[in-house]
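Participant: Have a look at this one before I ask anything.
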Amino acid sequence: MNIYQELKQRGLIAQVTNEENVEKLLNNEKVPFYIGFEPTADSLHVGHFVQILIMSRLQKAGHIPIILFGGGTGLIGDPSGKTDMRKMLSTETIDHNIKCFIKQASKFLDFSPGKAIIVNNADWLRNLNYIDFLREIGVHFSVNRMLAAECYKQRLETGLTFFELNYMLMQSYDFLVLNRKYGCKLELGGDDQWSNIIGGVELVRKCDRKEAYGLTFKLLTTSEGKKMGKTEKGALWLDSKKVSPYDFYQYWRNVGDKDVINCLNMLTFIPVEKIKEYEKLEGQELNKVKEILAFEVTKLVHGEEEATKAMNTAKALFSASEQSEENMPKFQINSEMLTDSKINIQQLLVVSNLAPSKSEARRLITQGGISVNGEKITDINHSITSAQLADGIVIKKGKKVYKKIYI
């Protein structure tokens, strides 16, 4: 099976500018292609992970990934899918975030000479002569067409700034620069980037009369169309300091029955044929498939040792006869949080991140969703003493979330 057909069978492809030509290109040539990443945080999240894995798949098939960091466009911010203007970041913050991104991306991509290319569009955007840019690039863009693009529609309702309107021109210019410098013929991205990608494809054709192509991938969503990768604490980061390997594992272990096959296709290297066998399973049989998903994704992100540790901890915790605390997520409470050598259970749930708010903590308690050392707590005024915390307590939330808390 060729790489294009594999991407298609995995359900990854959303839109493509010229399917026949793109498939021929990927089958018959060693193609330099690129995906852009805006350095808005100091860690990749699961949305980036989908794109990084696609780059890895294409690299394994012999193509050359160009990973472009938006050190220049990041100073503006992509308005796609946003109702408000993004917070403007300093150049120092952006440069720091890029260093973090490169370190994480090197787990998945081979950056040895000739295998991949890292570029930063700050190199050509930060010192750009604006008048020259408008004369060479701006003349090729119709404002009417830009405002009709999906990436700007939502922002028009709340007010689109001229500042943000420049984003499409700059991303399109990236493609032109990469085409001229590296012979890059293909831009990839999430389906929310379709309008921006089309802008780059057309700009290469209009400026240099060369053929270039664009291809977008489906976003990682549930069967109901909701974006995946959100937790009670926020985004599902790849940095173990932000989301522990155990919590990361548990997220994938707990995906819905209707979503597990899609996640296997998008987020693992398990062969398509094997995944098709898993599609035949139903009900309780899917739990084993979810364990496979959780292990494989955690192994890719955090390594096999951490994945094994998370899997063994989860199995031990959910076994009726055994509880292992060794690798359980832990939280150390500050003694200053105690009043008269004790702390209310609601407050404890909030400070330990087991509940996002006191109201949610109350709901969990009154509905029987909280146990301390195996004993269900239903009194919202229940307190935990410093003596209990000195020994350490295990709080269980629902059926699957455990945390050891100590002082």
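The values are calculated or read from the model by the stated rules, or taken from the named source; none is laboratory data. Bear in mind the structure is a predicted one, so any value in this text is a computation, not a measurement. Note that we place each Cβ from the backbone using ideal geometry, even for glycine, and neighbour counts take in every protein chain shown.
Participant: What do you reckon, is G11 surrounded by fewer than 19 Cβ atoms within 10 Å (Cβ to Cβ), more than 18 Å from the chain's Cα centre (by Cα) and on the phi > 0 side of the Ramachandran plot?
Facilitator: Numbers: surrounded by fewer than 19 Cβ atoms within 10 Å (Cβ to Cβ): yes; more than 18 Å from the chain's Cα centre (by Cα): no; on the phi > 0 side of the Ramachandran plot: yes.
Against the criterion (surrounded by fewer than 19 Cβ atoms within 10 Å (Cβ to Cβ), more than 18 Å from the chain's Cα centre (by Cα) and on the phi > 0 side of the Ramachandran plot), G11 does not qualify.
Participant: Right, something else. Residue check, T83 against (1) modelled with pLDDT of 90 or more; (2) surrounded by fewer than 20 Cβ atoms within 10 Å (Cβ to Cβ), all met but one. Which one?
Facilitator: Checking T83 against (1) modelled with pLDDT of 90 or more; (2) surrounded by fewer than 20 Cβ atoms within 10 Å (Cβ to Cβ), the one that fails is (1).
Participant: Return yes when L160 is out of contact with any strand residue (DSSP E or B) (no Cβ under 7 Å at 6 or more places or on another chain) and of a type in the set (A, V, I, L, M) and no when it is not.
Facilitator: It is true that L160 is out of contact with any strand residue (DSSP E or B) (no Cβ under 7 Å at 6 or more places or on another chain) and of a type in the set (A, V, I, L, M).
Participant: Looking at I35, is it of a type in the set (A, V, I, L, M, F, W, C), within 25 Å of Y182 (Cα to Cα), in the same structural domain as M170 (by TED's automatic domain parsing) and assigned to a helix (DSSP H, G or I)?
Facilitator: no
Participant: Now, a different point. In this structure, is S244 surrounded by 14 or more Cβ atoms within 10 Å (Cβ to Cβ), touching a Pro at 6+ places or on another chain (Cβ under 6 Å), polar (S, T, N, Q) and under 30 Å from V350 (Cα atoms)?
Facilitator: It is true that S244 is surrounded by 14 or more Cβ atoms within 10 Å (Cβ to Cβ), touching a Pro at 6+ places or on another chain (Cβ under 6 Å), polar (S, T, N, Q) and under 30 Å from V350 (Cα atoms).
Participant: Is there a residue in segment 195-209 that is over 27 Å from K404 (Cα atoms), charged (D, E, K, R) and surrounded by 16 or more Cβ atoms within 10 Å (Cβ to Cβ)?
Facilitator: Yes, because at least one residue in segment 195-209 is over 27 Å from K404 (Cα atoms), charged (D, E, K, R) and surrounded by 16 or more Cβ atoms within 10 Å (Cβ to Cβ).
Participant: Next up: In segment 100-176, which helices (runs of 4 or more DSSP H) lie fully inside it and hold 3 or more residues that are under 27 Å from the mean Cα position of the chain (by Cα) and either in the same structural domain as I67 (by TED's automatic domain parsing) or surrounded by 15 or more Cβ atoms within 10 Å (Cβ to Cβ) (or both)?
Facilitator: Working: elements: 122-125, 130-136, 143-148, 150-158.
Correct list: 122-125, 150-158.
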